[in-house]
Amino acid sequence: MALLGFPARQDYRGLMTPEPEKFQVALLLPNEERSIEVGRDEHIWDAAFAAGIVLPAMCHQGYCLTCAGRLENGAEVDQSDSLVYFPEDREAGFVLLCTGKPRSALRIRTHQQKQMRESRKQKNLLAPYSWSKD
Amino acid sequence: MPEKKDVQVVKHGDVSQRVGVEVIKARGVDVDLLIKKLIANAAAEFASTYYYYTILRMHLAGHEDYKEICEDARLEDRAHWELIVPRIYELGGELPNDLPAFHDQAGCRAAKLPDPPTVVNILTLLMESERCAIRSWIEICDMTFGKDPRTYDMASRILNEEIEHEAWFIELLAKERDGKTVPSGHFRRGEPGHAPYSKNAKFYNP
């Protein structure tokens, strides 16, 4: 069956190329606040880097906690690319920027590696780079 | 330039402090942080890679070349572990006296046998493990460059080998998964575990 010369069952929605969804992300750096746009499929750390903001990071795999940040507005970050991310991290508001993707507008305090390690240690969870003999 | 007093604060006959530590503190190294990072890197070399690569290489049956290359990386990571430990103690640190605690300090994830344990999955894991190691070691290089030549020398030797390991696994994965040739530029090691940089051995330069 055809309608106006087009096969009726063909889905033409794929031919349209909508703009990729982007979110406003405010980064509360130690000495200033910066705002960047981050795509839905983009890691926050990468977008910051592209905007000239070099945040702490090491493994870039969502494991070592060096890139930790803390959500200030209780919004949602997709951490499915992180190697290790616990529900307790989410409850405490911590996010891993190297592998985190926005799902809404965000307000994030950066440079939270010490705080996130401490939070993990208190809950007896994996906390790399935190062991000392003291 | 640090003042001469940095080598004088350690009193004659005092064994509670080390000039070898005080001089690098005086040059700006955060020694406590450095020790934490070295422990994390030691755990990554020993527990995350050396131990788990032992298992990974067992599952590369039918790919004897891959097996041998995985074995080289495995033994070189053990050589790295052996290099790091003395430096941790020299700096006044120590290893956790508990293996699970040590394992959990690793800065890179454990390279556990992937599910399913296909060749492509194993090579991907090996490549990503080496990448984490490179990032961890260059961090030590950055932290010690121009301030702590002994740790820097060690870290740069290890970094040399981790960079080579990544190149090997890129080459193998590109061919195996994508049918593409991405040369590592390397042709052979000596005997297994050759570790030319970290064992101060001759490297291939015919």
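Every number here is computed from the coordinates shown, using simple stated rules; none is lab data. The structure displayed is predicted, hence computed values, not measured ones. Positions of Cβ are backbone-derived with ideal geometry, glycine not excepted, and every protein chain shown enters the neighbour counts.
Considering every Cα-Cα pair within region B:55-101, what fraction, in whole percent, is farther apart than 14 Å? Let's see the in-between values first.
Values: 692 of 1081 pairs.
Summing the P(r) tail past 14 Å for region B:55-101 gives 64 percent.
Using a 10 Å cut-off around each Cβ of peptide B:34-46, what is the average number of partner chain Cβ atoms that fall inside? Don't skip to the answer; put the middle values down first.
Values: counts 0, 3, 6, 3, 0, 6, 6, 1, 0, 3, 3, 0, 0.
Going residue by residue through B:34-46 and averaging, the value is 2.
Mind checking which aspartates and glutamates have their C-alpha under 15 Å from B:K180, skipping anything on the same chain fewer than 8 residues away?
Correct list for B:K180: B:E171.
Under the √(5λ) rule applied to the eigenvalues of the Cα gyration tensor, what semi-axes describe the equivalent ellipsoid of the protein assembly as shown? Give them in Å, descending. Could the numbers behind the result be given before it?
Numbers: eigenvalues 309, 179, 64 Å².
They are 39, 30, 18 Å, listed largest first.
For A:57-65, what's the mean count of beta carbons from other chains sitting within 10 Å of each residue's beta carbon?
Neighbouring Cβ atoms belonging to other protein chains average 6 per residue here.
Per DSSP H run of at least 4 residues, take -39500 (n - 2.57); add these up for chain A, divide by its residues and hand me the 222 nm value, nearest 500 deg cm²/dmol. Walk me through the intermediate numbers first.
Numbers: 3 runs with 23 residues, N = 134.
One gets -4500 deg cm²/dmol as the mean residue ellipticity at 222 nm.
If you average over every viewing direction, what projected area does the convex hull of the Cα atoms of chain B give, in nm²?
Values: hull surface 54.1 nm².
Dividing the Cα hull surface by four gives the mean projection, 13.5 nm².
Please compute the net charge surrounding B:I170, taking Lys and Arg as +1 and Asp and Glu as -1 over other residues with Cβ under 14 Å from its Cβ.
-4
Can you pick out the pairs among B:K25/B:K147; B:K112/B:K175; A:K101/B:K37; B:K67/B:K175; A:K133/B:K36 whose Cα atoms lie more than 18 Å from each other? Provide the component values of the computation, followed by the final result.
On the way: B:K25/B:K147 9 Å; B:K112/B:K175 23 Å; A:K101/B:K37 27 Å; B:K67/B:K175 15 Å; A:K133/B:K36 10 Å.
The answer is B:K112/B:K175; A:K101/B:K37.
Can you tell me the orientation of helix B:64-90 relative to chain B, as the angle in degrees between its alpha-carbon axis and the longest Cα principal axis, to the nearest 10?
Approximately 10 degrees, to the nearest ten.
Could you work out, residue by residue across B:129-138, how many beta carbons of other chains sit within 10 Å of that residue's beta carbon, and then give the average as an integer?
Numbers: counts 1, 0, 3, 7, 1, 0, 7, 6, 0, 1.
If you average over the peptide's residues, the count of other-chain Cβ atoms is 3.
If I fit a long axis through the Cα atoms of helix B:119-144 and take the longest principal axis of the Cα atoms of chain B, what angle between them do I get, 0 to 90°, rounded to 10?
20
Per DSSP H run of n ≥ 4, the term is -39500 (n - 2.57); total these for chain B, divide by its residue number, and report the mean residue ellipticity at 222 nm rounded to 500 deg cm²/dmol. The partial results should precede the final answer.
Values: 7 runs with 117 residues, N = 206.
Computed ellipticity for chain B at 222 nm equals -19000 deg cm²/dmol.
Just want the ordering: A:K22, A:K133, from fewest to most Cβ atoms lying within 10 Å of their own Cβ. All intermediate terms of the calculation are to be shown ahead of the outcome.
Numbers: A:K22 15, A:K133 11.
Final ranking by Cβ density, sparse to dense: A:K133, A:K22.
For chain A, find the longest principal axis of its Cα atoms and tell me its angle to the long axis of helix A:113-122, 0 to 90°, nearest 10.
70
If all Cα-Cα distances of region B:114-201 are sorted into 10 Å bins from 0 onward, what percent lands in each bin, rounded to whole numbers?
17, 39, 31, 12, 2
Taking a Cβ-Cβ separation under 4.7 Å as the criterion for a possible partner, which cysteines of chain B have none?
B:C70, B:C141
Could you grab the relative contact order for chain A? Cα pairs under 8 Å, six or more apart, rounded to a whole percent. Could the numbers behind the result be given before it?
On the way: 236 pairs, mean separation 35.7, N = 134.
It rounds to 27 percent for chain A.
Using alpha-carbon pairs under 8 Å, 6+ residues apart, how would you state the relative contact order of region B:27-178 in percent? Walk me through the intermediate numbers first.
Values: 171 pairs, mean separation 45.9, N = 152.
Relative contact order, region B:27-178: 30 percent.
Would you please state the base-10 log of I(q)/I(0) at q = 0.10, 0.13, 0.14 1/Å for chain A, with intensities from the Debye formula using one equal scatterer on every alpha carbon?
Computed log10 I(q)/I(0) values: -0.39, -0.56, -0.62.
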